[in-house]
Structure formats: C-alpha cells, structure tokens
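S.K.: My questions will all concern the structure given below.
The values are calculated or read from the model by the stated rules, or taken from the named source; none is laboratory data. Because the structure is predicted, anything quoted here is derived from the model rather than measured. No Cβ is skipped: glycine too gets one built from the backbone with ideal geometry, and neighbour counts run over all protein chains shown.
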Amino acid sequence: MKVMIAVKGSEEERFFRQAVALLKPAEADSILLVHTIDSAPRADLDQARERFLIRRPISPDRNDELHEVEEGRARAVLQFARHALVGSGVPDERVHEMTLRGKPNDELRRLAEQERVSLIVVQGRAGKPGPHSVGKTARFLIDHCPAAALLIRSG
C-alpha cells in the first residue's frame, strides 16, 4: 500500500502518532510526505505591487531570497514530519519526501494519480466543528482524489 500524507506545516506530533496508529505501518510499503509551496501568495504579491503602481518585477536577487525561504520552510516541515513518523515506529527507508510548487489542490491530486497512492491522509482543523472542521485543500482532496482518504482531527 502506498500512502501519501499532505503536510501543510501546522501538524503536531500527535497528528503523526494518530496516523501511524491508524495506518499500521507494516501494511504501508511507502509513505510519501508531500508539502506544496502555494503559488497564490506570490501572485498576490505581484498583484499588490501593480496596485501600488510598482511596474518593475521583483529583482532576481530578491526573488532568489524568497525562493530560498520557501524551500527552507518546506525542508523544515518535511524534516519534522519524517522525524515524527520515524519516532512513532515507521522504518526510515519507507518514508519519502517531496516538495511541489503550484496550487495545492491540483498538485496533490495530480501526484496522487501519478504515484497511484492507495490512501491519502489529511489533517482536519482541531476544535472547529461543522463546516469549518476541514480546510479547503483537505476538502478538495477528500472529494476529488482517486484514492481513499483518511481525515485525522488531532486535538
């Protein structure tokens, strides 16, 4: 069984412990940790610059700095997730990491199809009952992914 965990960065170790308890790691051939660097904030920045009549694009140096910050955050988030899974008993060689760029809904769905994952794990919002208990990306994945979905509400 191939499992994909959509890692957004606000997960607590409890989320990963619950995932491991529910997944039974011995049944998972591989666990793919995926973090998506959302392209929307960069587009919002460009739009704000235009609104203030700043016509020139962000300098290449500044653009590289922003890219490095995004990549550094992605590495830190995925490293935390790997550490939490391995600390919960998942063999390190079964955990794989991937960073995507773009619209999280589309990128995660595309990857799930491409990798033929059996199960996608998403985090619900703790303490928010009703329609706000699931974020927009988690909702999209639950509704549109070609795999079974496991929603974990930690908290």
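S.K.: Would you mind stating whether H35 is free of Cβ contacts under 8 Å to residues at least 24 places away in the same chain and within 17 Å of the chain's Cα centre (by Cα)? Steps first, answer last, please.
M.R.: Working: free of Cβ contacts under 8 Å to residues at least 24 places away in the same chain: no; within 17 Å of the chain's Cα centre (by Cα): yes.
So H35 fails the test.
S.K.: Can you give me the number of residues within segment 89-106 that are under 22 Å from F16 (Cα atoms) and either touching a Cys at 6+ places or on another chain (Cβ under 9 Å) or part of a helix (DSSP H, G or I) (or both)?
M.R.: Taking segment 89-106 as the starting set, the residues that turn out to be under 22 Å from F16 (Cα atoms) are 89-100, 104-105.
Still in the list and also either touching a Cys at 6+ places or on another chain (Cβ under 9 Å) or part of a helix (DSSP H, G or I) (or both): 92-94, 104-105.
Qualifying residue count, segment 89-106: 5.
S.K.: Over 25 Å from D143 (Cα atoms), modelled with pLDDT of 90 or more and not hydrophobic (A, V, I, L, M, F, W, C): which single residue out of E115, E68 fits that description?
M.R.: Values: E115 fails: over 25 Å from D143 (Cα atoms).
Of E115, E68, the one residue that is over 25 Å from D143 (Cα atoms), modelled with pLDDT of 90 or more and not hydrophobic (A, V, I, L, M, F, W, C) is E68.
S.K.: Moving on. Looking at (1) more than 17 Å from the chain's Cα centre (by Cα); (2) of a type outside the set (S, T, N, Q); (3) at pLDDT below 85, can you tell me which one E13 breaks?
M.R.: Exception for E13: condition (1).
S.K.: Same structure, new question: What pairs come up if the first residue lies in segment 128-152 and is in a strand (DSSP E or B), the second is not aliphatic (A, V, I, L, M), and their beta carbons are under 8 Å apart, counting only those six or more places apart or on different chains?
M.R.: A148/S118; L151/Q123; L151/G124; I152/F15; I152/Q18; I152/Q123; I152/G124
S.K.: Given the options P104, P57, P146, P129, name the one that is in contact with a helix residue (DSSP H, G or I) (Cβ under 6 Å, 6 or more places away or on another chain) and either aliphatic (A, V, I, L, M) or modelled with pLDDT under 90 (or both). Before you say what the answer is, go through the steps one by one.
M.R.: Details: P104 fails: either aliphatic (A, V, I, L, M) or modelled with pLDDT under 90 (or both); P57 fails: in contact with a helix residue (DSSP H, G or I) (Cβ under 6 Å, 6 or more places away or on another chain); P129 fails: in contact with a helix residue (DSSP H, G or I) (Cβ under 6 Å, 6 or more places away or on another chain).
Exactly one of P104, P57, P146, P129 is in contact with a helix residue (DSSP H, G or I) (Cβ under 6 Å, 6 or more places away or on another chain) and either aliphatic (A, V, I, L, M) or modelled with pLDDT under 90 (or both), namely P146.
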